[in-house]
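For reference, the structure is listed below as structure tokens.
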Amino acid sequence: MFARVTRVQGSPHRNDDAVRHARETVIPQVGLLRGYKGMYYLLDPDSGKGMLMTLWETREDLDAAAGAAEQWGTDAANTAGASSKPEIDAYEVVLQP
């Protein structure tokens, strides 16, 4: 399994907008892609710092979703009121319960 992690430093005043965007836009779209296994959205409500992690069955699935992920990250940053571009990294999941 593989994970893509997108980190955004948003405005704490835009937390509700960021969560709504993830729920209403990202989740329905990402769920249509091959190999999608799940998503977690972590948010520090005091600072507005957020991290979105999507899980993928194979490296090929992760790579195939890269273009969409970059667009979702940019959209999420704009929705969250971020002053910089999101940071996006990919990882192999090496341990899970």
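Computed quantities for the displayed model
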{"read-out": "Selection from region 54-72 of residues that are hydroxyl-bearing (Ser, Thr, Tyr) and either farther than 11 Å from residue 90 by Cα or assigned to a helix (DSSP H, G or I) (or both)", "value": "58"}
{"read-out": "Given (1) touching a Phe, Trp or Tyr at 6+ places or on another chain (Cβ under 8 Å); (2) within 18 Å of residue 86 (Cα to Cα); (3) in a strand (DSSP E or B), index of the condition residue 22 fails", "value": "(3)"}
{"read-out": "Hits in region 46-71 (condition: surrounded by 15 or more Cβ atoms within 10 Å (Cβ to Cβ), in contact with a helix residue (DSSP H, G or I) (Cβ under 8 Å, 6 or more places away or on another chain) and more than 11 Å from residue 33 (Cβ to Cβ))", "value": "48, 50, 52"}
{"read-out": "Only listed residue being touching a residue at least 60 places away in the same chain (Cβ under 8 Å), surrounded by 14 or more Cβ atoms within 10 Å (Cβ to Cβ) and not polar (S, T, N, Q), chosen from 30, 5, 26, 19", "value": "5"}
{"read-out": "Candidate set: region 74-90, residues that are closer than 16 Å to residue 23 by Cβ and either touching a Ser or Thr at 6+ places or on another chain (Cβ under 8 Å) or part of a strand (DSSP E or B) (or both); chosen: the one modelled with the lowest pLDDT", "value": "76"}
{"read-out": "Among the candidates 52, 42, residue that is within 11 Å of residue 5 (Cα to Cα) and at pLDDT below 95", "value": "52"}
{"read-out": "Meets criteria (in contact (Cβ under 8 Å) with a residue 24 or more places away in the chain, part of a strand (DSSP E or B) and surrounded by fewer than 17 Cβ atoms within 10 Å (Cβ to Cβ)) for residue 39", "value": "no"}
{"read-out": "Selection status of residue 26, at pLDDT below 95, of a type outside the set (Asp, Glu) and touching a helix residue (DSSP H, G or I) at 6+ places or on another chain (Cβ under 7 Å)", "value": "yes"}
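The values are calculated or read from the model by the stated rules, or taken from the named source; none is laboratory data. This structure is a prediction, so every number in the text was calculated from the model and none was measured. When we count neighbours, we look across all protein chains shown, and the Cβ atoms used for this are built from the backbone with ideal geometry, even at glycine.
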